[in-house]
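The values are calculated or read from the model by the stated rules, or taken from the named source; none is laboratory data. These numbers were taken from a predicted model, which means no experiment stands behind them. Methodologically, a virtual Cβ is constructed for each residue, glycine included, from the backbone with ideal geometry; neighbour enumeration extends over all protein chains shown.
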Amino acid sequence: MKAYLKNSFSILFIACLFILISGCRKTLIIDENTPANIDDLNVSSTFNWKTIRNITLEVTGMNIPVNVKNTFYIKSSDESQLYFKDYLQINQNYTLKFAIPSYETQLVITYGSIKKILEVNADILNFTYLPEEP
């Protein structure tokens, strides 16, 4: 009886293994228009291959006699990615250089309680601590 169960189990195991292996095969579809190598690719001359964008941020300090220091953050528009962080004095001018993904269209700048959204419409951006006028 044990031999019969052992043989049945072996046959069942082999059958399941065969079904799993044969069921995992995918049909490979090859497009006839797919280039054989990278030299055969037809790419527009205006296509931008860069995945990052180098940004320069000109920070204009406030003309005040007090040395206020705080952490300056530059983050993605959804604030999930940190692109720049430094401890800056509010009465000093700075030129900050950093890289962002090329798809980024807005940056969130935070300095203490000051929070601003900058549109990324050029490689050189300007920032001032003063609030925006309505």
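Only one residue in Thr95, Thr27, Thr46 is exposed (fewer than 10 other Cβ atoms within 10 Å of the Cβ) and touching a Leu at 6+ places or on another chain (Cβ under 8 Å). Which one? Before the answer, list the steps.
Working: Thr27 fails: touching a Leu at 6+ places or on another chain (Cβ under 8 Å); Thr46 fails: touching a Leu at 6+ places or on another chain (Cβ under 8 Å).
Thr95 is the lone residue from the list that is exposed (fewer than 10 other Cβ atoms within 10 Å of the Cβ) and touching a Leu at 6+ places or on another chain (Cβ under 8 Å).
Of the conditions (1) assigned to a strand (DSSP E or B); (2) among the basic types (Lys, Arg); (3) modelled with pLDDT under 80, Lys75 fails just one. Which one is it?
(3)
Go through the range 93-122 and give me each residue that's part of a loop (DSSP other than H, G, I, E, B), out of contact with any Ser or Thr (no Cβ under 8 Å at 6 or more places or on another chain) and within 14 Å of Arg53 (Cβ to Cβ).
Matches in the range 93-122: Tyr103, Asn121, Ala122.
Are any residues in the range 28-79 of a type in the set (Asp, Glu) and within 17 Å of Asp123 (Cα to Cα), and if so, which ones? Write out each step before concluding.
In the first step, residues of the range 28-79 are kept if they are of a type in the set (Asp, Glu); the result is 31-32, 39-40, 58, 78-79.
Listed by number, the list holds a single entry, Glu58.
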